[in-house]
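The values are calculated or read from the model by the stated rules, or taken from the named source; none is laboratory data. Just so you know, these numbers come straight off a predicted model, no measurement behind them. Ideal geometry is used to build each Cβ from the backbone, glycine not excepted, and the neighbour counts take in all protein chains shown.
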Amino acid sequence: MRNQSDGLYIKVKGEAQQVLDFYGQLKCHPPALARIQSASIESIGEEDLAGFQIIKESPSVVANLILTPDLAMCASCRSEIKDSTNRRYNYAFTTCTCCGPRYSIMAKLPYEREHTTMAPFAMCEQCEREYDDPENRRYFSQTNSCPACPVLLILYTVRQQMVTADQQAIIPAAVQLLQEGYIIAVKGIGGYLLLADATNAQTIRTLRARKRRPSKPFALMYPDLETAQRDVQLKEEEIELLQGTASPIVLAQKKTHPAAGTEAELVAPRLNKLGVMLPYTPLFELLLSQLKKPVIATSANTHGHHISFRDQDVFRELAGIADYVLQHDRDILVSQDDSVVQVTPRHRQSILLRRSRGFAPSVVREATAKESFLALGADQKSTFSFTSSGNLYISQYLGNLSFYDNVLNLEQSLEHLASLYGFSPSHILTDKHPDYTSVILGKRLAQQYNLPCEEVQHHEAHFAAVLDENQLLESQEPVLGVIWDGTGLGNDNLIRGGEFLLLQNNRITPLAQIEPYPHLAGDKMAIEPRLSALALCFDAPGAEALLKLYYSTAEWKLYQSILQGAGYKRQTTSMGRIFDAAAALLGLCSQMSYEGEAAMLLEASAAREPELYGVAGYALDVFNGKNISFLYIIRQIIKDVQQGLGTEHIAAKFHVTLVEVVRIVAEHYALKRIAFSGGVFQNCLLTDLLIDKLSPDFQLYFHQQLPPNDECVSYGQLAWMQLKGKPGEVSVNAKNILNHPINP
């Protein structure tokens, strides 16, 4: 067997039927972590083959294979580090072929020890025997080590003063510091995590103050599944995710009375879910098993910046945040945050919210384009995607590119992946927004290397992404795309986010939209729900009484004069801002301290309505085939608030109304297939309501392996290119032809 940069080669000797049987069995029942994209078999003549062996790759082979993501600790390794008779007892870097770091430590393909940051660590005699034994589960385990040839731990203060390097004393010392209320930055697989006692209210308040994170929820790491189940409700799908090879953070329903001692309200203020995970490295397992209680486990970074992962930078980056730093001497080459997933409570639809450690950068599908495309996505939830040698790769989540530090991290991640594959793009794809950092970067690269640069409209990229994930790009039936998010520049330069698109005959075209309303105060509107509410209903009866308390006298006078001015024409169709407006009218949130706060509070409020699935939505205005009026809906919300209807009930009615908005457009155009994308569809409640109320009459399609938020845009840009140049004409087979075309 030979593991090469272009795949796995196996030589087998035997009778023809035996070899064919072996080939069939291997394809049908590959190892648990294997993924077969394609396979072939051929006869090579007689050759002496003695026993099983793995040989080194042939030189000068072009890279063309899947990159394995980092893998969570397996059950066997977990058992070994707890077995006092095992030589790896309490060893914090125990791994085997089934688990351990991969992508984050890989400098070159194929995946061999000398191509990783394990290269400096020479194996002891016993580890060498395991590594060379085909019957051992550590056969060719590139991260193999043990206490006799260890990766070493060191505990420092944040001022880089060594506390201890005694390998037996470090973990008990760190546990003691956590018990005393200190905050420790611990080096994981893709970077450092800040650990803090989740049962200590003062420690949580201190961490919030230091991170300038007044209310954004923290993730929790529990010592075991049983402890987690004392705080949250976990069903089969959540348990499978928590214990799987990716081991992401899972958002789970908080119990009415959390019983693990967690300060749940301080961890996730006013929300009905907690983000939970289990220890996914031996180091975390040893720390948590000794601490015996949950900890906050959040990315170690300053506000808005990517996770700290370089040993030489961590003390500077975390000064004033962490008290101590628990480090080890195996380098990390690629930073990765923890991935985040949730499962809808009613219909068990999985929604990926952040795709990073454990998932990235594995291939979602094979590329159909022969050219080498580089797609640079959007800005706020940045990723890049590229095609190379017939495969498609998507980077890990790279954060908000409005922070220069994250731009540098994107460039370094791109350089790293490009060097692994020898990738050189022939085309650059970007968003249409001229001020996006990703667009500026794309144009610079295109100019530097004299490459064509294509702009892809934001919501068309969203639509193409969900279509491609569900193998609908070449659908013979028309597909309605419901693309709802916070913002995206339209082809007409309107700030959009409430779009209904149509795929028909290989073309994506605009179909309908949320009726445009004022886009007030530029980017400020995205963080102040009070502005969204004012923009939508500033002249609606009763609105002033609800909103004026959120403004100073001078502010109220200023914004009223702006909105009433005859020359004010800047508008938006954003569904994200409509969520914000509803939250502000209900008194849930007037100014946000983190992205999505208003929408999350609105969802949490609606989820508390006991008769949720029996609630009737608000009446809709007459649909003219083009615009859906939300002013008509907002005025009904104002009336309900004035009459004292419960917040939970109003929030539930709002969510149900959104389902009816989708229905009215689909029925108007007699479309039976509906695909959903955009950050709004991170909403579990809305997703469940859509499935519950529409699936009997329509075929619904959601993202499968990608988040619906802007992380999918780079992938969608590549998918959009598959439609470009294909022959096709648009002719809507519907009850009503669109008489008022729009151009998002």
For segment 435-464, enumerate the residues that are touching a helix residue (DSSP H, G or I) at 6+ places or on another chain (Cβ under 8 Å), under 30 Å from residue 481 (Cα atoms) and part of a loop (DSSP other than H, G, I, E, B).
452, 456
Just checking, does segment 271-289 include any residue being more than 30 Å from residue 158 (Cβ to Cβ), in contact with a strand residue (DSSP E or B) (Cβ under 9 Å, 6 or more places away or on another chain) and free of Cβ contacts under 8 Å to residues at least 60 places away in the same chain?
no
Would you check which residues across segment 64-103 are part of a helix (DSSP H, G or I) and among the aliphatic types (A, V, I, L, M) and list them?
75, 81
Can you tell me how many residues within segment 620-653 are charged (D, E, K, R) and farther than 21 Å from residue 598 by Cα?
2
Would you check if residue 417 is assigned to a helix (DSSP H, G or I), among the hydrophobic types (A, V, I, L, M, F, W, C) and in contact with a strand residue (DSSP E or B) (Cβ under 8 Å, 6 or more places away or on another chain)?
yes
Would you point out the residue of segment 476-488, among those that are modelled with pLDDT of 95 or more and outside any strand (DSSP E or B), that is surrounded by the fewest Cβ atoms within 10 Å (Cβ to Cβ)?
477
Please verify whether residue 407 is free of Cβ contacts under 8 Å to residues at least 60 places away in the same chain, over 22 Å from residue 107 (Cβ atoms) and either in contact with a strand residue (DSSP E or B) (Cβ under 7 Å, 6 or more places away or on another chain) or in a helix (DSSP H, G or I) (or both), treating the condition exactly as stated.
yes
Look through segment 518-558, keep the residues that are modelled with pLDDT of 95 or more and of a type in the set (Phe, Trp, Tyr), and return whichever of them is farthest from residue 596 (Cα to Cα).
556
All but one of (1) in contact (Cβ under 8 Å) with a residue 24 or more places away in the chain; (2) under 26 Å from residue 151 (Cα atoms) hold for residue 352; state the number of the condition that does not hold.
(2)
Residues being at pLDDT below 95 and in contact with an Asp or Glu (Cβ under 6 Å, 6 or more places away or on another chain): count how many of those fall in segment 289-348.
1
Any idea how many residues of segment 210-226 are over 16 Å from residue 284 (Cβ atoms) and either without any contact (Cβ under 8 Å) to a residue 24 or more places away in the chain or not hydroxyl-bearing (Ser, Thr, Tyr) (or both)?
8
Restricting attention to segment 718-744, and to residues there that are touching a Ser or Thr at 6+ places or on another chain (Cβ under 7 Å) and modelled with pLDDT of 50 or more, which single residue is nearest to residue 678 (Cα to Cα)?
718
Failed criterion for residue 509 (all others in (1) in contact with a Leu (Cβ under 7 Å, 6 or more places away or on another chain); (2) β-branched (Val, Ile, Thr); (3) buried (at least 22 other Cβ atoms within 10 Å of the Cβ) hold):
(3)
Name the residues in segment 114-137 that are among the charged types (D, E, K, R) and surrounded by fewer than 17 Cβ atoms within 10 Å (Cβ to Cβ), would you?
114, 125, 128, 129, 132, 133, 135, 137
Residue identified as buried (at least 18 other Cβ atoms within 10 Å of the Cβ), out of contact with any Cys (no Cβ under 6 Å at 6 or more places or on another chain), of a type in the set (A, V, I, L, M) and more than 30 Å from residue 429 (Cβ to Cβ) among 638, 674, 664, 634
638
Checked segment 427-475 for anything surrounded by fewer than 19 Cβ atoms within 10 Å (Cβ to Cβ), polar (S, T, N, Q), touching a strand residue (DSSP E or B) at 6+ places or on another chain (Cβ under 9 Å) and in the same structural domain as residue 408 (by TED's automatic domain parsing); matches are 447
Within segment 688-702, how many residues are surrounded by fewer than 23 Cβ atoms within 10 Å (Cβ to Cβ) and assigned to a helix (DSSP H, G or I)?
5
Would you be able to say whether some residue in segment 550-557 is of a type in the set (A, V, I, L, M, F, W, C) and in contact (Cβ under 8 Å) with a residue 40 or more places away in the chain?
no
